[in-house]
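Shown next, in structure tokens, is the structure this report addresses.
Laboratory data are not the source of any read-out in this text; all were calculated from the coordinates shown. Quick caveat: nothing in here was measured; it's all calculated off a predicted structure. Cβ: placed from backbone, ideal geometry, glycine included. Neighbour counts: every protein chain shown.
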Amino acid sequence: MQKLLLKNIKQLLQVRAEALKPINGLSMKELPLIENAWLAIEEGRFADYGSMSDFPGISDWKGLDVLDCTGQIVMPCYADSHTHIVYAGNREAEFVDRINGLSYEAIAQRGGGILNSAALLQQTSENELFDQSRERLHEIIRLGTGAVEIKSGYGLNLESELKMLRVIKRLKEETPIPIKATFLGAHALPQAYKTNKAAYIKLITETMLPAIAAEQLADYIDVFCENGYFTAEETIHILNAGKHYHLKGKVHAEQLSHSGGIAAGVACGAISVDHLEYCTKADMQLLQQAQTIPTILPGAAFFLNLPLPPARQLIEHNLPVAFASDYNPGSSPCGNMNLIMSLGCIQYKLSPEEMINACTINSAAAMDVLNEVGSITLGKRANFIITKPISSYAYIPYAFGNAPIEAVYINGLKF
Ligand SMILES: [Zn+2]
């Protein structure tokens, strides 16, 4: 039986006797911690913790590994509740086009954007796609991510959407962290259906969904609710079709314009609505009546120079705000949650405490894994980060572009 003891921890962050619910807006300022702490792990789970001043005898522990964490901070791993890390190739050519003055919309119109990723993915074998995606997944785990949601949506036909979801299933089986799979067939309208959106929606609801359900390939269903993509009404129709197969909804909402994605998500009991650049006061009031978690993706807003979503107002409405990376090839080719923490503090003026809550407990709630991860709570999976010796936890977002991580442990084992 594997037992691990961390002692002399400078600060043990996000310690909660119970953490099964997201943290609402105003409470996000509070980050419970133990100074000069110890932490015990048994069978891959948190078994006990406390202050070094009342450190108990450990003579009854056999086969104990002890780590001295003097000067180091220990915190639960990040949960990244919104990614598209299963994709083929990269889109840095479009990145350069944008630097030279082309807009994201202009690039999309000439076959770039999501359709570019879809064309590449359709030509890539399942094995090759798995290899590329596993590399990204391992990269983000080494950066501190201990649970991740991954979407399909670059297939845009039955065969390729299934290919993506099968790759996610394999990643689930072969990776030690919790992974949730989201079916995002309604990510864009493929060329073949350019003049017949109704037929594509029918393909999603009547062909793709039953096939995905038959192989149990998805946990969630998602829609890009946006001008030129899918309307609020179509979003509701697609999410309701997913419900029939026991898939909870998620929505890409109000990113490029106010399109009604939040209201559609709330109406369908979505677990989260994500992006929110154009979220209004009325949307916030709707969210107050719902269990749906507003999720901000600062990587995409940063990369595309979009207006910032109203994170502070969402918090002032006492909502449980989550942050995630949106790791994807077109608008956020970065899954480093340490950088997401920095962007939250620097651009959105959230405090380090608010950002840690947004990137651990609240993002875990936005992907339904809060019973397993997101806090240092007895019985939860021992997925945690040991930082390098640093002066305080505020150093993590302060040192932007840097990940001051010494080690990441998953289920009590060094990754
Ligand atoms: Zn996305």
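Give the residue from H275, F130, M208 lying farthest towards the positive end of the charge dipole for segment 79-365; charges sit on Cβ (+1 for Lys and Arg, -1 for Asp and Glu) and the dipole is referred to the Cα centre.
M208
Modelled label-to-label distance, Y395 and Q216, 7 Å Cα→beta-carbon offset: nm?
Simple spin-label model gives 4.5 nm for this pair.
Under 1.5 on a/c is rounded, so check that first for segment 66-156, then, if it is not, pick prolate when a/b is larger than b/c and oblate when it is not; a ≥ b ≥ c are the square roots of the alpha carbon gyration tensor eigenvalues. List each step's numbers first, then the result.
Values: a/c = 3.00, a/b = 1.90, b/c = 1.58.
Note, shape of segment 66-156 comes out prolate.
For T70 and T175 in the same chain, what is the full-extension length gain: residue separation times 0.36 nm, less their Cα-Cα distance, in nm?
The T70-T175 span can extend by a further 34.8 nm.
Does a label point 7 Å from the Cα of L102, set along Cα-to-beta-carbon, have any residues of segment 311-335 with amide nitrogen under 18 Å, and which are they?
329-333
Using only helices, what value at 222 nm comes out for the chain when you add -39,500 (n - 2.57) per DSSP H run of length 4 or more and divide by the total residues, to the nearest 500 deg cm²/dmol?
That comes out to -9000 deg cm²/dmol.
If I build a Gaussian network model for the chain, linking alpha-carbon pairs within less than 10 angstrom, which residue out of Q291, Q14, Q109 has the largest mean-square fluctuation?
Among Q291, Q14, Q109, the largest GNM mean-square fluctuation belongs to Q109.
Please report the projected area of segment 1-151's Cα convex hull averaged over all directions, in nm².
Over all viewing directions, segment 1-151 projects a mean Cα-hull area of 14.3 nm².
Take segment 243-288, drop everything but the C-alpha atoms, weight them equally and run the Debye formula without solvent; then report log10 I(q)/I(0) at 0.14, 0.24, 0.25, 0.27 Å⁻¹ to two decimals.
-0.29, -0.77, -0.82, -0.93
Which three lengths, in whole Å and largest first, does segment 1-49 cover when its Cα atoms are put on their principal axes?
Computed over segment 1-49, the largest-to-smallest principal extents equal 40, 23, 11 Å.
Count the DSSP beta bridges whose two residues both fall in the chain, then state the antiparallel fraction as a percent rounded to the nearest 5.
40 percent
In a Gaussian network model over the chain where Cα atoms closer than 10 Å are linked, find which of G101, G299, G153 has the largest mean-square fluctuation.
G101
At 7 Å along the Cα-to-beta-carbon direction for both M52 and T195, put a label point, then send me their distance in nm to one decimal.
About 7.4 nm separates the two model spin labels.
Taking the simple approach of a point 7 Å from Cα along Cα-to-Cβ for both D131 and E206, what is their distance in nm?
For the pair D131/E206, the computed spacing is 4.0 nm.
Residue by residue through segment 8-18, what is 3J(HN,Hα) from phi via Karplus (6.51 cos²θ - 1.76 cosθ + 1.60, θ = phi - 60°)? Round to whole Hz and write x for glycine and proline.
Rounded to whole hertz, the list is 6, 6, 4, 9, 9, 9, 6, 8, 9, 4, 9.
Count the lysine pairs in segment 79-365 whose Cα atoms lie under 15 Å apart, taking only pairs 8 or more positions apart in sequence or on different chains.
Total qualifying Lys-Lys pairs in segment 79-365 comes to 12.
List the aspartates and glutamates whose alpha-carbon lies under 15 Å from that of K388, not counting same-chain residues fewer than 8 positions away?
Straight-line reach from K388, under 15 Å: D68, E406.
Treating the beta-carbon of each Lys and Arg as +1 and of each Asp and Glu as -1, no other charges, what is the dipole magnitude of segment 34-131 about its Cα centre, to the nearest 20 debye?
480 debye
For segment 79-365, compute Rh as the Kirkwood radius over C-alpha pairs and then the Stokes-Einstein diffusion coefficient at 10 °C and 1.306 mPa s; write the answer in µm²/s, rounded to an integer.
On the way: Rh = 18.6 Å.
Rounded, D is 85 µm²/s.
Binning at 5 angstrom from zero up to the longest distance, how are the C-alpha pair distances of segment 294-415 distributed in percent?
Taking all Cα pairs of segment 294-415, the binned fractions are 2, 11, 19, 23, 22, 15, 7, 1, 0 percent.
For the chain, with a Gaussian network of springs between Cα atoms less than 10 Å apart, report the residue from A93, A213, A232 with the top mean-square fluctuation.
Answer for the Gaussian network model of the chain: A93.
Give me the mean projected area, in nm² to one decimal, of the convex hull enclosing the Cα positions of segment 82-212.
Projected over every direction and averaged, the Cα hull of segment 82-212 covers 8.5 nm².
Normalised by the number of residues in segment 79-365, what is the relative contact order in percent for Cα pairs under 8 Å and 6+ residues apart?
In percent, rounded to a whole number, it is 17.
On a 0 to 90° scale, report how tilted helix 158-174 is relative to the longest principal axis of the chain, with both axes built from alpha carbons and the result rounded to the nearest 10.
The helix 158-174 is inclined about 10 degrees to the chain.
Under a 5 Å amide H to amide H cut-off, with H placed in plane at 1.01 Å, what residues pair with A290 once short-range neighbours are removed?
Hits under the 5 Å cutoff: none.
If you plug each phi of segment 69-83 into the Karplus form 6.51 cos²θ - 1.76 cosθ + 1.60 with θ = phi - 60°, what whole-Hz ³J(HN,Hα) values come out, in order, with x for Gly and Pro?
Couplings: 10, 4, x, 10, 9, 10, 9, x, 4, 6, 10, 9, 8, 8, 9 Hz.
When DSSP beta bridges are limited to those with both residues in segment 1-152, what percentage is antiparallel, rounded to the nearest 5?
Counting DSSP beta bridges with both partners in segment 1-152, the antiparallel share is about 60 percent.
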